[in-house]
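Heads up, the thing below is written out as structure tokens.
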Amino acid sequence: MTDTWRLFKNLQRPLSTAEGLAVDDTLPRSVSRNGSPPLLHLYTFVPSVIVGKYQDIEAALRLDRCRARGIEYNRRSTGGGTVIMGPDIVALGFGINVDYPGLKGGVGGLFETMSRVLARALEKLGINARFQPKNDLEVNGKKIAGLSAASETGNSLLFHTSLLVDFDIPLMMDIMNTPLVKLQDKGYNCFSQRMTTVRRETGRDLRVEEVMNAIRNGFEEVFRIQFRDDQPDTWEQETVNRLIQERYTRESWIFSHKHPRSRMGIGRLKTRGGLLEIYLSLAGGSIENVVITGDFFSTPERINRIENALKWTSARKERIEKSLSSVWENEMIYGIDVPTLTSAILKAKENQVRL
């Protein structure tokens, strides 16, 4: 017997960042607490830009230009980097139990599984795509989708992606602050050499709905399930409304990873798991305060544990590594290990000493 999953597909209008993100955050909650089968949400946003859970939004974006252009900005609950969204970009939220058959474990396994779904969808449109770790889906070396995930609700998780049907590169260049270290690492002098779109690859003016239908079919074939079109029930709509009010329209959420105070040293390091930005202040030879930001994948609890373990630790390399090792777990920060994080902390220490 084929399992039936639920699909929320919104084609009537682009959603605000608050509404779209609130619906997505409701998906794993409904799976975990409301008895729902896996839930897929396909939709588009109004012109907007969304940063990852652990990014410093003021460092990532030129907020004055966003306001001047009428571009919404917000912070999602999943990790990863900044994404530009709009009516020609398919937004996808997906909630599922972590132990669902066919779903590989860990962040890396999840990305591998979900990239197969998206690659199958693109194949139906005549595009040959493949997964490029840490979290990109690429066509001939160019990014067409970025993958993101979080697990903050019991035994369920939320997967995010944005699939580029079309894309405004000049807008991206105008409103984003991309760190030089990330540009150098990519090896590109122009974003147009780094990104591609469904329309560019197919040479056809495909409608967003056609791409959504291909994604639906990709899920059904890879997981061997079928979808039924649905709408949020009463419990889910109440949860969406609460998340809009308590999270996605509040500056305390949107600016939750602000610039630390100016006297903190900054250490930036491009790693296999993403860009690490470490803010560090010293008191004598000890770490007085440390803030870990970037476009990596982890959980708030794990980041808090790491930061707390480092406070008042001697700022010597061996002591930092010992403190980190005392709390470290497998995939505590996806793609990042203790020596790598230590290197970023030591960079911040060097810059703090120079202040």
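Taking K and R as +1 and D and E as -1, what net charge do the other residues with C-beta under 14 Å from the C-beta of Phe219 add up to? Here the count lands on +3. What angle, in degrees between 0 and 90 and rounded to the nearest 10, separates the Cα long axis of helix 106-124 from the longest principal axis of the Cα atoms of the chain? Around 40 degrees separate the two axes.
Two decimals, Cα atoms only, Kirkwood Rh: what is Rg/Rh over the stretch 60-121? Taking Rh as the inverse mean 1/r over Cα pairs, Rg/Rh reads 1.08.
Between the C-alpha center of the stretch 272-324 and that of the stretch 11-34 there is a gap of 32 Å. If both residues of a DSSP beta bridge must be in the chain, then about 75% of such bridges are antiparallel.
Helix 300-310 and the longest principal axis of the Cα set of the chain meet at an angle near 10°.
Go through Lys104/Lys124; Lys142/Lys347; Lys143/Lys322 and tell me which ones have a Cα-Cα distance over 26 Å in this structure. Over 26 Å apart, Cα to Cα: Lys142/Lys347; Lys143/Lys322.
At 20 °C and 1.002 mPa s, grab the translational diffusion coefficient of the stretch 78-172 from Stokes-Einstein with a Kirkwood Rh over Cα pairs, rounded to a whole number in µm² per second. The calculation lands on 154 µm²/s. Other residues within the sphere of radius under 14 Å centred on the Cβ of Val117, judged by their own Cβ, net out at +3 (K and R +1, D and E -1). Summing charges over all other residues whose Cβ lies under 12 Å from the Cβ of Ser343, with Lys and Arg as +1 and Asp and Glu as -1, gives +2.
Nearest 10 degrees, 0 to 90: what angle lies between the long axis of helix 234-243 and the longest principal axis of the chain (Cα atoms)? Its long axis makes an angle of about 30 degrees.
How are the alpha carbon pair distances in the stretch 31-78 distributed across 10 Å bins from zero to the largest one, expressed in percent? Over the stretch 31-78, the share of Cα pairs per 10 Å bin runs 21, 38, 25, 14, 2 percent. Cβ-to-Cβ counts within 10 Å put Tyr334, Tyr73 in ascending order as Tyr73, Tyr334, the fewest first. Across the stretch 265-354, the volume of the C-alpha convex hull divided among the residues equals 72 Å³ per residue. Taking every DSSP helix (H) stretch of at least 4 residues in the chain, weighting each as -39,500 (n - 2.57) and dividing the sum by the residue count yields a mean residue ellipticity at 222 nm of -11500 deg cm²/dmol.
Only the coordinates and a few stated rules stand behind these numbers; no lab work does. Bear in mind the structure is a predicted one, so any value in this text is a computation, not a measurement. So basically every Cβ, Gly included, is an ideal-geometry build from the backbone, and we count neighbours across all protein chains shown.
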